[in-house]
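These notes concern the structure reproduced below.
The values are calculated or read from the model by the stated rules, or taken from the named source; none is laboratory data. Small disclaimer: the values here were computed from a predicted structure and weren't measured. Cβ sites come from the backbone with ideal geometry, for glycine too, and all protein chains shown count toward neighbours.
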Amino acid sequence: MGLQKIVKKYNKKMKRKGLAGLDTAIILIAFIITASVLAYVAINMGLFVTQKAKSTINKGEETASTALTLSGSVLYAVNYPSNTRSYWIYFTVSPSSGVSSVELSPTTTAISFTASTEGIAYSNIYKYTLLTVDPSSLGNAVYANGQYLNLINQQTSAGQTYVYYPNPYYALLALNYTLYNYYLKTKTPSPIFINSSTLSSIPQWLKNDNSFTFTLNISGQLVTYDVFVNQTFAFTYPVAGDPLIGSAIAPAGSVIGVMILFGPDLGSHVFQYQTVTIQITPNVGSPLTISEYVYQPEGSVSVIG
């Protein structure tokens, strides 16, 4: 009997040890599972935060960088020294590397012009864009030398149609035509008037405008145009690589012409021996600032940068 009691007592003790070991194992497993879940959550949260940080950095870099870049020379038109009036400044811009597109609508983009030496500053003179003009609206529109001019060209490559103006003067004619039709409907004066032949006498309503001339070779014959500008303003148009005609968006690889026309509000100024600054502020990224020193303009058109 004594032996049986000893055996029972031993077995009971061993069962208790087994249960204690099982409890410990369960607790350890629970700890491991909990730690694994916490680690999984922590890793995923870390990856999520890292991805968000990366996205924020990329967005910040995109916003901080200049969305536009100067893509050609800066031209300045003036009839110096015959008179003391500036006519226009022209240059081309493109979306910067890594930028897919830039919206260039006058409602979302600003263009300013400053000539600090003479105390001249225009904060926002961007008024019109030919990026939204459909080529069909210019068909059989501008007549010269017995024919209608193709003011806007089309080129097809890899199934994509690109629209562009061959030179700034054709863009001026297109702007004059589109604004003339627009202002016929609204009964308000257009900021620009172009006549296809030299006027023998300037009408009274044009005498206060800033005026200049340009000549085009049309089918072997030179045609002179008189241009009258009654306010300082800037406009844009496609020069190359723009398949998005009808919208004011400049896609990557496109080249956009920017022209600033000087009106009588500028006064009698010729920008020489001073720095002029043009700033374009698009809807994305930091502004593009173009500062050019004008040494001494001569003739009608000078390259200043």
Filter the range 182-200 down to the residues that are farther than 19 Å from Lys127 by Cβ, among the hydroxyl-bearing types (Ser, Thr, Tyr) and at pLDDT below 75 and list them by number. Ser197, Thr198, Ser200
Just give me the residues in the range 213-236 being closer than 22 Å to Phe113 by Cα, assigned to a loop (DSSP other than H, G, I, E, B) and either touching a residue at least 60 places away in the same chain (Cβ under 8 Å) or of a type in the set (Gly, Ala, Ser) (or both), in sequence order. Thr232
In the range 74-94, which residues are farther than 18 Å from Leu261 by Cβ and surrounded by fewer than 17 Cβ atoms within 10 Å (Cβ to Cβ)? Pro81, Ser82
For Val99, are the conditions met, namely being more than 28 Å from Gln231 (Cα to Cα), in contact with a strand residue (DSSP E or B) (Cβ under 9 Å, 6 or more places away or on another chain) and not in a strand (DSSP E or B)? yes
Just checking: which of the strands (runs of 3 or more DSSP E) contained wholly in the range 119-212 hold 3 or more residues that are more than 25 Å from Ser268 (Cα to Cα) and under 21 Å from the mean Cα position of the chain (by Cα)? 160-164
Would you be able to say whether some residue in the range 119-136 is in the same structural domain as Val294 (by TED's automatic domain parsing), crowded, with 17+ Cβ neighbours inside 10 Å, small (Gly, Ala, Ser) and over 17 Å from Pro168 (Cβ atoms)? no
Of the criteria (1) surrounded by fewer than 16 Cβ atoms within 10 Å (Cβ to Cβ); (2) closer than 21 Å to Tyr169 by Cα, which one Thr232 fails: (1)
